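Chemist: Handing you a structure now.
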Amino acid sequence: MDFTEAYNAVQDYIERRYGIPVVISDVVDPNTGDFNGVEIHVDFDMDPEMALFIVLHLFGHTVQWNVSKELRDLGIESSGSLPDLDPARLERIRRYEQDASRYSLRLLHDAGITEFDAWLARWVEADWRYLENFYHTGARADFRAFFRSTAEPLTPLDIPAFTPQRWVSRWSF
């Protein structure tokens, strides 16, 4: 399966199973995607590989925002501006990002895709390195500079039942 096929399968599964439209649109730069609890937007300028990661990861955050006010608040507070770099707070943000990715892995498996586990783990690790660099420097570096050839495997996290609710979007709605 290639990235386009995987993206299409994931998009179809999210829309059928969760009733959440995945929309390819123009997203406010420099962002690559956005979500608001009831929709996921992927920037039209993304290649299939990046688009797949974006939709998976934003689905994970959509789950978090719909099941936990605390996680929704953490996501809002840590996007767009530099968070307080207190080590405990940074660790909470890391866990928030990691758990969103673990929901992403469960989604992939639920959609019948099992050959992308190592790929997703590498993207998740690169995403965290990118965010950690941003939080420490304020610089938006080239995301792909943070890739490594290997990464710690992810463990899927079961997706809890939730009802999509509209929240204030992080960026562009």
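The values are calculated or read from the model by the stated rules, or taken from the named source; none is laboratory data. This structure is a prediction, so every number in the text was calculated from the model and none was measured. Neighbour counts run over all protein chains shown; Cβ positions are idealised from the backbone, glycine included.
Chemist: Collect the residues in the stretch 47-61 that are surrounded by fewer than 19 Cβ atoms within 10 Å (Cβ to Cβ) and under 20 Å from LEU105 (Cβ atoms), keeping them in residue-number order.
Modeler: First, the residues of the stretch 47-61 that are surrounded by fewer than 19 Cβ atoms within 10 Å (Cβ to Cβ): 47-49.
If the condition is that a residue be surrounded by fewer than 19 Cβ atoms within 10 Å (Cβ to Cβ) and under 20 Å from LEU105 (Cβ atoms), then PRO48, GLU49 are the ones that fit.
Chemist: Moving on to the next point. Pairs under 8 Å by beta carbon, first residue closer than 17 Å to GLN64 by Cα in the stretch 141-169, partner at pLDDT below 85, six or more apart or different chains?
Modeler: The qualifying pairs are TRP167/ARG72; VAL168/ILE76.
Chemist: Restricting to the stretch 111-123, count the residues that are buried (at least 16 other Cβ atoms within 10 Å of the Cβ) and touching a residue at least 40 places away in the same chain (Cβ under 8 Å).
Modeler: Of the residues in that region, 5 qualify.
Chemist: Hand me the list of helices (runs of 4 or more DSSP H) wholly inside the stretch 62-173 holding 1 or more residues that are over 17 Å from the mean Cα position of the chain (by Cα) and modelled with pLDDT under 85.
Modeler: 87-110, 117-137
Chemist: I need the strands (runs of 3 or more DSSP E) fully contained in the stretch 1-44, keeping only those with at least 2 residues that are basic (Lys, Arg), buried (at least 17 other Cβ atoms within 10 Å of the Cβ) and touching a Lys or Arg at 6+ places or on another chain (Cβ under 8 Å).
Modeler: none
Chemist: OK, next. Could you tell me which of the residues GLU39, GLU115, GLU15 is more than 21 Å from THR163 (Cβ to Cβ) and of a type in the set (D, E, K, R)?
Modeler: The match here is GLU115.
Chemist: Please verify whether TYR135 is over 16 Å from ALA6 (Cα atoms) and touching a Pro at 6+ places or on another chain (Cβ under 9 Å), treating the condition exactly as stated.
Modeler: Against the criterion (over 16 Å from ALA6 (Cα atoms) and touching a Pro at 6+ places or on another chain (Cβ under 9 Å)), TYR135 qualifies.
Chemist: While we're here: Taking the residues in the stretch 132-142 that are over 19 Å from GLY75 (Cβ atoms) and hydrophobic (A, V, I, L, M, F, W, C) as candidates, determine which candidate is surrounded by the fewest Cβ atoms within 10 Å (Cβ to Cβ).
Modeler: Taking the candidates together, the pick is ALA139.
Chemist: What's the total number of residues in the stretch 124-156 that are closer than 25 Å to ILE14 by Cβ and either of a type in the set (A, V, I, L, M) or touching a His at 6+ places or on another chain (Cβ under 8 Å) (or both)?
Modeler: 7
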